[in-house]
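First up is the structure itself, then whatever we jot down about it.
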2 protein chains.
Amino acid sequence: MDGFMQVAFDEAMQGLKEGGIPIGSVLVKAGEVIGRGHNRRVQQGSPIFHAEIDCLQRAGRVGSYEGTVLYSTLMPCYLCAGAVVQFGIKKVVVGESRTFAGARDFMQKHGVSVTDLDLKECRELMEDFIRKHPDLWNEDIGK
Amino acid sequence: MDGFMQVAFDEAMQGLKEGGIPIGSVLVKAGEVIGRGHNRRVQQGSPIFHAEIDCLQRAGRVGSYEGTVLYSTLMPCYLCAGAVVQFGIKKVVVGESRTFAGARDFMQKHGVSVTDLDLKECRELMEDFIRKHPDLWNEDIGK
């Protein structure tokens, strides 16, 4: 697994260990991690701390997002894709999109380059979680 | 001013008093306020706590958003509109959209009813803030 995606995957595993939804995210600028986070719906009773939002929050006020790349173990939903588009992040790399198609078209339509690594580890992690916790998963994607 | 928009406006004024960006938001369900918040970029050093996100965070895990209405003193950006679409909020009422056109089309395309009250008080509050703090404003909208 690519080094930055490994960090995102580690975040997802950390979330799982905490009893949360196992999705992780990393923000990279000039080859360095400037933010990392994971979904905290369960841990913080929060509807908005999806992995990517947690990651962006932890990165803080970075000023310009020019040249940043957002990694996520799963294709971003509209909330997180909305942040990508609004903040001007131009490149997104995801672990997989088979368990959730997300807002890929929306990002691409707004000029964001989206790379899907289609990784077995990421897919199996989500498949297993969704099978065990369908209610939590449906709550997280607003179903 | 409509009662719920007045609450959102009060939140915006509270944000201004704190030295922040004066945008407020309220989430209403069955005629009751279930969340209220304001932009906290300055106060919390946060890029993601736009007014609507703060409001949704404070409302907590509400389960279904069916029947909710999101009020905001300003037209939501893509981040906040993304939350609206993903969470299944079907009605948004805004104070104005003259100082920021936001993501109205995106929400409407996804079946969200968007009502723009075009209120002088909301517009003047933003015009005054943008004139005095152009850098903060541009940072907030990712410019």
Cα-based equivalent ellipsoid, the protein assembly as shown: semi-axes from gyration tensor eigenvalues, Å: 31, 21, 16
Can you give me the Cα centroid spacing of segment B:121-143 and segment B:25-88 in angstrom? 19 Å
Exposure proxy check on A:D135, B:D140, A:D54: fewest-to-most Cβ neighbours within 10 Å is A:D135, B:D140, A:D54
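Treating only the Cβ of Lys, Arg, Asp and Glu as charged (+1, +1, -1, -1), what charge dipole size does segment A:55-143 show about its Cα centre? Round to the nearest 20 debye.
In debye, rounded to 20, segment A:55-143 gives about 280.
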Would you kindly state how much longer the chain becomes between A:Q108 and A:V62 on full extension, computed as 0.36 nm times their sequence separation minus their alpha carbon distance, in nm to one decimal? 14.2 nm
Beta bridges by DSSP in chain A, antiparallel share as percent, to the nearest 5: 60 percent
So what is the 222 nm mean residue ellipticity for chain A from helices alone, if each DSSP H run of at least 4 adds -39500 (n - 2.57) and you divide by all residues, rounding to the nearest 500 deg cm²/dmol? -12500 deg cm²/dmol
What's the tally of Lys pairs in segment B:3-141 whose alpha-carbon atoms lie under 18 angstrom apart, where the two lysines are 8 or more places apart or on different chains? 5
For chain A, with equal point scatterers placed on the C-alpha atoms only and solvent neglected, what are the log10 I(q)/I(0) values from the Debye formula at q = 0.11, 0.16, 0.18, 0.22 1/Å, to two decimals? -0.33, -0.74, -0.95, -1.48
To the nearest 10 degrees, how steep is helix A:78-87 against the longest Cα principal axis of chain A, on a 0 to 90 scale? 20 degrees
Once the label point is set 7 Å along the Cα-to-beta-carbon vector, what list of distances in nm do you get between B:Q44 and its counterparts in the other copies? 0.7
For the rotation taking chain B to chain A, which residue of B has the Cβ nearest the axis, and how many Å away is it? B:G82, 1
R0 of 22 Å, Cβ-Cβ distance A:K143-B:T115: FRET efficiency to nearest 0.05: 0.25
Among DSSP beta bridges lying fully in the protein assembly as shown, give the percent that are antiparallel, nearest 5. 60 percent
Given label points at 7 Å from Cα along Cα→Cβ, what nm distances, shortest first, separate B:K17 from the same residue in every other copy? 4.3
Measure off 7 Å from each Cα along the Cα-to-Cβ vector at A:A101 and A:D10, then give the distance between these two points in nanometres to one decimal. 3.5 nm
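Every number in this text was worked out from the coordinates using simple rules, so none of it is lab data. Computed from a predicted model, the values in this text were never measured in an experiment. Every residue, glycine among them, receives a Cβ derived from its backbone with ideal geometry; neighbour counts consider all protein chains shown.
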